[in-house]
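The values are calculated or read from the model by the stated rules, or taken from the named source; none is laboratory data. Keep in mind the model is a prediction, meaning the values are calculated, not measured. With ideal geometry, Cβ positions are generated from the backbone for all residues, glycine too; neighbour counts draw on all protein chains shown. Heavy atoms of the whole protein, side chains included, go into the accessibility calculation; ligands, DNA and RNA do not. Shrake-Rupley method; radii C 1.70, N 1.55, O 1.52, S 1.80 Å.
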Amino acid sequence: MINHLIASALPYMPKKFVWLFSRRYIAGETLEAAIIASRKLGEEGISVTIDLLGEYITTLDQAQENKETYLALIDRFEKEQIKATYSLKPTSFGLLIDTGACFGHVREIVEKARDYGAFVRIDMEDSQCVDAEIELYKRLHAIMPKSVGLVVQAYLKRTPADVRELVKLHSAEAPVNFRLCKGIYVEPPEIAIKSREGVNQQFVELLDYLFRHKVFVGIATHDQFLTNAAQKLIERYGLSKNDYEFQMLYGVTPELRARLVSAGHKMRVYVPFGKHWFGYSTRRLKENPRMAWLIIRALFLRG
Ligand code: FDA
């Protein structure tokens, strides 16, 4: 209870204070910081997916600016020869303002990545965005199937039906490619499974379904129950290292991450960076309020 209160209050506290918590989860404010973090992970045999922070914009000028920044960051990462994919949130490109303009921006980004032989993952945002984000993926998949993928959220009751529909698009020439995660937004019980066991069960069922249909999955979780279940499925279906990868967020459960890497699995870390780290951080705090309490305790103890 107290942890939740602290987590809810943190967005109203000074930014410098929140940064104490956040720096563990964010590479930094600049592109240089993202490059340094990515190189370090590369030395541990870990790939990265780069995310520029700054979703839920309010003007199309901001969408244009975000697109230019993404294009420049892809050029830079490819020039630096860092093995990266790129993750983006469609609301950063105006999804909730003008879906046509958003499609144009994201298309340009995916084309740029495709020209380098790279890949763009469309993050899944809160439930008001799901239909539009699936549609965006379908349109891009029809043009550049091997250069784009989508995230699916195990907590949404609709996801098995969405996945069954999307898997119909899957073929050797036009593979679909998903990141499977639990889902991070606070959604009502009418549309989302609320119990941890229920979400985990749907996660495993979705993973099983996708593996059975030979779909590449980025298994995005820090939950050991799920990494164990995933490893059992990988074994049962006799999958090769190129059929899946594990994915984790920057700074979260590095020990579990290292164990999976030493067991021989491919690992990709989601590296967020940018000036707009505040919104991202407060979402993480709400997700895991225990961390907020640890910081506050540490500060008081030090004092
Ligand atoms: P769970 O929340 O049960 O965590 C398992 C354990 O991991 C915890 O007990 C704790 O030890 C540790 N842990 C988890 N989060 C932590 C944190 N923030 N700080 C410290 N420890 C933590 N969601 C979404 O809706 N759309 C998206 O596009 C994405 N994209 C995405 C990419 C990648 C690479 C990952 C790993 C995750 C996402 N997510 C996401 C977030 C995802 O939906 C989910 O909210 C988080 O991964 C937390 O769920 P876990 O499966 O890790 O389990």
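Spacing of the modelled spin labels on Asp98 and Trp19, each 7 Å from Cα toward Cβ, amounts to 3.5 nm. Here's how it looks for Leu249: its modeled amide H is under 5 Å from those of Tyr270, which are all 5 or more places away or on a different chain. Checking the Cα-Cα distances for Lys138/Lys168; Lys40/Lys138; Lys89/Lys214; Lys15/Lys67; Lys67/Lys168; Lys40/Lys83 against a 23 Å cut-off, the pairs over it are Lys40/Lys138; Lys89/Lys214; Lys15/Lys67; Lys67/Lys168. Taking every DSSP beta bridge that has both residues in the stretch 101-246, what percent is antiparallel when rounded to the nearest 5? Around 5 percent of the beta bridges assigned by DSSP in the stretch 101-246 are antiparallel ones. Rounded to the nearest 5, the antiparallel percentage of DSSP beta bridges internal to the chain is 5%.
Express in % the proportion of alpha carbon pairs of the stretch 156-269 at distances exceeding 23 Å. Before the final figure, lay out each step's value.
On the way: 1887 of 6441 pairs.
Result: 29 percent of Cα pairs exceed 23 Å.
Send over a whole-number figure in Å² for the accessible area per residue of the stretch 158-203, probe 1.4 Å. Here the per-residue accessible area is 53 Å².
For the stretch 199-238, pairs of C-alpha atoms spaced more than 15 angstrom apart make up 29 percent of the total. Inter-part distance, the stretch 4-18 to the stretch 52-97, computed on C-alpha centroids, equals 27 Å. For a test of the definition: using alpha carbon positions, the gyration tensor, and the 1.5 limit on a/c, classify the chain as rounded, prolate or oblate. In terms of gyration-tensor shape, rounded.
Gain in length, Glu205 to Phe278, computed as 0.36 nm per residue apart minus the alpha-carbon separation, to one decimal in nm? Display every interim value, and only then the final one.
Details: separation 73, 0.36 × 73 = 26.28 nm, distance 3.44 nm.
Roughly 22.8 nm would be gained on extension.
Rank-order 225-237, 132-144 by packing density, defined as the average count of other C-beta atoms within 10 Å over each peptide's residues, highest first. Don't skip to the end; give the middle numbers.
On the way: 225-237: 15.6, 132-144: 17.4.
Output ranking for 225-237, 132-144: 132-144, 225-237.
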